[in-house]
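This report refers to the structure that appears directly beneath it.
The values are calculated or read from the model by the stated rules, or taken from the named source; none is laboratory data. For clarity, every value in this text was computed on a predicted model and none was experimentally measured. Quick reminder, even Gly has a Cβ in these numbers, built from the backbone with ideal geometry, and neighbours come from all protein chains shown. What goes into the accessible areas is simple: the full protein's heavy atoms, side chains included, and nothing from ligands, DNA or RNA. Shrake-Rupley method; radii C 1.70, N 1.55, O 1.52, S 1.80 Å.
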Amino acid sequence: MKFVHTSDWQIGRTFRFVDDETQGALQAQRVDVIRRLGLLARAQGAAHVLVAGDIYEHETPTERTLYQPMERMRDFADLHWHLIPGNHDAHTPDGVWHRLMRDGGVPENVTVHCQPGAVQIDSAENVWLLPAVLERRHVLTDLTAYMNEAPTPPGAVRIGLAHGSVTGFGNGEEAQHNPLALDRAKQAGLAYLGLGDWHGFCQIDARTCYAGTPETDRFTTGGGGGGEALVVTVQGAHAVPDIQRHRTGHYIWKKLDAVTLTTAEDIQALEARVRSIAPDNPGAVLAWLTVTGLLSVDDLALYESAITRRLRAAVACLRVAGAPQLSAGLDDLDRFGSSGAIRNAAQTLLKQAEDGGEEGAIAADALQRLFLLWNDGKGAAA
């Protein structure tokens, strides 16, 4: 049997650091990736798609957000989609799953597994799905424990589906929530255990994997970084599954730490580095830069032009922490002329900046802005 394993769609997720236009584009891709998952399943000859929780970001999405993933799955009537609740969309009274089932919003080709227990999903190959079901956001018991004793016919291919943290995996308090046994696949005789909650690909053992989110949603995701789904082939109850990773994400998130700029060449190299992330489609890149350094007046103007303006417009989102500082001296003040109010103000700011301290830092920032405004004014006049 061949199937697609995916998780953590989190339809309706918001991103606080982007503008409204980019926000809408990111949210649209979280919905559109369902179509790419369907196309992947078709291309690979997989009749089933297993979604290991967190289909939605919130338990109370708007009506449009609630129905969007259902309608995308409805478009693939030749595939059967199997969903379980996650910690973001737990099966609570009057939650998302209750609303959908109450209002007839679940298509015939979609099964929402809201009860634990073995369910046959392929009679020809004797394949049974064992879902773990979260009925609230956090539990302290292992919801996969029942799988050890869950009855299935002789020779059955047992596939587990769960959402949580395997014991000892992750950091801090979150790792204590929704715990899953590290060796559950072995204990329960599972051919494969598909997990959700971790947003990057992570293989726990030969039979246990986190698929990660199919559309990357953060800069710091571990594993493969997200934007993937798994195509899993199981040849029998005891055969080791074949697990293949496939790219499904549209956007590429990249964090570049400790970028130090001191010359024009550094600036040009930074621009080229970000553009090379997706040279044929820079508009699919979200980049987060941590920038430091000292630049001359001319190089600072180049930074403003190449990075702050051109590059910011080229990519989907440019998030910058820090900034290069101006390295200026008395000779640079000649740009403002030999006398006059602007020259005098710049000279005062330069002296205050050289004196240091809190006031010096403010003066240095003001002088930097003055040079940039002066250069912009010259460019406009030209």
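With +1 on each Lys and Arg Cβ and -1 on each Asp and Glu Cβ, how big is the dipole of region 1-81 about its Cα centre, in debye rounded to the nearest 20?
Numbers: 10 positive and 12 negative charges, 77 e Å.
With Lys and Arg at +1 and Asp and Glu at -1, about 380 debye.
Let me have the relative contact order for the chain, percent, based on Cα pairs under 8 Å that are six or more residues apart. List each step's numbers first, then the result.
Numbers: 802 pairs, mean separation 45.8, N = 382.
Averaging sequence separation for qualifying contacts and normalising by length gives 12 percent for the chain.
If you rank 35, 136 by how much accessible surface each has, with a 1.4 Å probe, what is the order from largest down?
Numbers: 35 105, 136 140 Å².
Putting 35, 136 in descending order of accessible area: 136, 35.
With Kirkwood's inverse mean 1/r over C-alpha pairs for Rh, give me the Rg to Rh ratio of the chain, two decimals please.
Working: Rg = 27.0 Å, Rh = 23.7 Å.
With Rh from the inverse mean 1/r over Cα pairs, Rg/Rh is 1.14.
Quick one: if you stick a label point 7 Å off each Cα along the C-beta vector at residue 257 and residue 235, how many nm between them?
4.2
With each pseudo-label sitting 7 Å past Cα toward Cβ, what's the residue 120-residue 292 distance in nm, one decimal?
Result for the modelled spin labels: 6.5 nm.
Subtract the Cα-Cα distance of residue 314 and residue 43 from 0.36 nm times their separation in residues, and report this length gain in nm to one decimal. List each step's numbers first, then the result.
Details: separation 271, 0.36 × 271 = 97.56 nm, distance 3.24 nm.
Contour length minus the Cα-Cα distance gives 94.3 nm.
If R0 is 41 Å, what FRET efficiency do you get for residue 219 and residue 348 from their C-beta distance, rounded to 0.05? It would help to have the intermediate numbers written out before the result.
On the way: r = 41 Å, r/R0 = 0.99.
So the FRET efficiency works out to roughly 0.50.
Please give the per residue accessible area of the chain, computed with a probe of 1.4 Å over protein heavy atoms only, in Å². Display every interim value, and only then the final one.
Working: 17320 Å² over 382 residues.
That works out to 45 Å² per residue.
How large is the dipole of region 1-147 about the Cα centre if only Lys and Arg carry +1 and Asp and Glu carry -1, each at its Cβ, rounded to the nearest 20 debye?
Approximately 140 debye in magnitude.
Would you grab the residues whose amide H sits under 5 Å from the one on residue 293? Only those 5+ places off in sequence or on another chain, please, with H modelled 1.01 Å from N.
Those qualifying (amide H under 5 Å, at least 5 residues apart or on another chain) are 261, 325.
At 7 Å along Cα-to-Cβ for each site, give me the label-to-label distance between residue 247 and residue 35 in nm.
Simple spin-label model gives 1.9 nm for this pair.
First compute the accessible area of the chain with a 1.4 Å probe, then give the percent of it belonging to carbon and sulfur atoms.
Here it works out to 50 percent.
Please give the charge dipole size of region 2-247, origin at the Cα centre, charges +1 on K and R Cβ atoms and -1 on D and E Cβ atoms. Round to the nearest 20 debye.
Values: 21 positive and 30 negative charges, 90 e Å.
Once rounded to the nearest 20, the dipole reads 440 debye.
Where does the charge balance sit around residue 13 when Lys and Arg score +1, Asp and Glu -1, over other residues with C-beta under 13 Å from its C-beta? List each step's numbers first, then the result.
Values: positive: 16, 30, 218; negative: 8, 54, 57, 89, 215, 217.
Once all neighbours under 13 Å are counted, the net charge is -3.
Mean residue ellipticity at 222 nm from the helices of the chain, using -39,500 (n - 2.57) per DSSP H segment of n ≥ 4 over the full residue count, to the nearest 500 deg cm²/dmol?
For the chain, the value works out to -9000 deg cm²/dmol.
Please compute the length gained on full extension between residue 21 and residue 305, using 0.36 nm multiplied by the number of residues separating them and subtracting their Cα-Cα distance. Could you put the intermediate results ahead of the total?
Details: separation 284, 0.36 × 284 = 102.24 nm, distance 2.23 nm.
Result for the pair: 100.0 nm of gain on full extension.
For region 139-149, take each phi angle, set θ = phi - 60°, evaluate the Karplus expression 6.51 cos²θ - 1.76 cosθ + 1.60, and give the result in whole Hz per residue in order, putting x for glycine and proline.
Once θ is set to phi - 60°, the couplings for region 139-149 become 10, 10, 10, 7, 6, 8, 4, 4, 4, 4, 10 Hz.
Could you work out the equivalent-ellipsoid semi-axes for region 175-296, taking the square root of 5 times each eigenvalue of the Cα gyration tensor, largest first, in whole Å?
Details: eigenvalues 313, 51, 21 Å².
Largest first, region 175-296 gives 40, 16, 10 Å.
With a ≥ b ≥ c taken as the square roots of the eigenvalues of the C-alpha gyration tensor of region 1-104, please select rounded if a/c is under 1.5 and otherwise prolate if a/b is larger than b/c or oblate if it is not?
Values: a/c = 1.89, a/b = 1.23, b/c = 1.53.
Verdict is oblate for region 1-104.
Find the relative contact order for region 252-380 and round it to a whole percent, using C-alpha pairs within less than 8 Å whose residues are 6+ positions apart.
On the way: 169 pairs, mean separation 28.6, N = 129.
Taking the mean separation of contacting Cα pairs over the length of region 252-380, I get 22 percent.
Have a look at 15, 77, 96 and report the one farthest towards the positive end of the charge dipole of region 1-127, computed about the Cα centre with Cβ charges (Lys/Arg +1, Asp/Glu -1).
77
Could you list the residues of region 8-23 with an amide nitrogen less than 12 Å from a label point located 7 Å from the Cα of residue 99 in the Cα-to-C-beta direction?
The answer is 12.
Rank 365, 54, 122 by accessible area, highest first, at a 1.4 Å probe radius? Please report the intermediate quantities before stating the final value.
Values: 365 65, 54 0, 122 30 Å².
Descending order: 365, 122, 54.
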